[in-house]
Amino acid sequence: MGGVAGPELAGAVAAAGALGMLCEFDLEPSTERMTQALSVAGDGAVGMGFFGHWLHDDLATFEEAATRLRLVEVFWTAPDAAIVDRARRSGGALMAWQVGTVDAAVAAADAGCDVVIVQGVEAGGHVRGTTPRDQLLDAVLAKVSLPVVVAGGIGTAQQVATVIAAGAAGARVGTRFVATTESRGHPVYLQALVDAQSGDDTVLTEAFSGGWPDAPHRVLRSALDAAENFDGEVVGHVMRARGREAMARFDVSTPSRQVEGEIAAMAMYAGTGVGEIRDVRSAADVVRELVSALG
């Protein structure tokens, strides 16, 4: 979750006993964020996610993550054995690929991955999946033998317990962790997640395509409505080390705390489980709640 899952959040999730994930892109250099997250995590596990279509421009970060972190993950492109081999040569991290179809899950296994993450269409942010989460999980489990982690609209202890009972090795949770005290999400964004009543308050669209065209993503319906009704082409600005940069209307960027402007009209990504969010609490509290229904 670029712009949202900084080292504070990834480290706190890891310290609580789950796998805390960083994104390769954020405000600080990747090396600095890895160091910060590992410091917060203690003995906990931290990973980093990479977008496959940009990976070849950032191989040094990928190799460093494979050396220093517990897991490296690639998303959005077809599984590639050469990338898996590069991770193996670089370090001891587990190698994961996030996919949206059964065929891609089989390809991840064939490429030598340790873990496959299968993403249902219910997921927030950029969505590779086109199949409902539970249906996709069942289909993938019938075809692959490596551990399967499932993603898409998961936000409650019962949902976690249900997917584990169905055979998943783990549950990937995104949106619920945006609404935490360690999140870098803008307060307006966090409040919008709390205010959402159900998955019907989200929409799968390609509207926020500035910087990443032709990529379906799920956002709060209110964000899409506000962006469509916004009068102007510059919706806000992001504060970076090199200065203040304009954000275009329908930009792909997440509204973080480093952003100012018409936050309600920006890409407020959210999965269909958003209706289960009732408050903003610590990441550790969220982890404890999510695993509370497990035996």
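Read-outs throughout are calculated quantities, based only on the coordinates presented, and are distinct from any laboratory measurement. Keep in mind that what you see is a predicted model, and the values were worked out from it rather than measured. Please note: Cβ atoms are built from the backbone with ideal geometry, for glycine as well, and neighbour counts cover all protein chains shown.
Listed values, structure above:
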item: Subset of segment 253-287 (residues that are in a helix (DSSP H, G or I) and farther than 25 Å from ASP200 by Cβ); result: ALA283, ALA284, ASP285, VAL287
item: From the options GLY17, GLY6, residue that is of a type outside the set (Asp, Glu) and farther than 15 Å from THR181 by Cα; result: GLY17
item: Pick from segment 34-45, criterion assigned to a helix (DSSP H, G or I) and in contact with a strand residue (DSSP E or B) (Cβ under 9 Å, 6 or more places away or on another chain), ranking: surrounded by the most Cβ atoms within 10 Å (Cβ to Cβ); result: ALA37
item: Residue count for segment 193-232, restricted to those that are surrounded by fewer than 17 Cβ atoms within 10 Å (Cβ to Cβ), farther than 18 Å from VAL121 by Cα and free of Cβ contacts under 8 Å to residues at least 40 places away in the same chain; result: 7
item: Candidates ASP85, ASP103, filtered to the one that is of a type in the set (Asp, Glu) and over 21 Å from VAL148 (Cβ atoms); result: ASP85
item: Filter pass, GLY11 being in contact with a strand residue (DSSP E or B) (Cβ under 8 Å, 6 or more places away or on another chain), buried (at least 22 other Cβ atoms within 10 Å of the Cβ) and either part of a strand (DSSP E or B) or without any contact (Cβ under 8 Å) to a residue 24 or more places away in the chain (or both); result: no
item: Qualifying residue in segment 180-193 (condition: within 26 Å of ALA265 (Cα to Cα), in contact with a Phe, Trp or Tyr (Cβ under 8 Å, 6 or more places away or on another chain) and not acidic (Asp, Glu)); result: yes
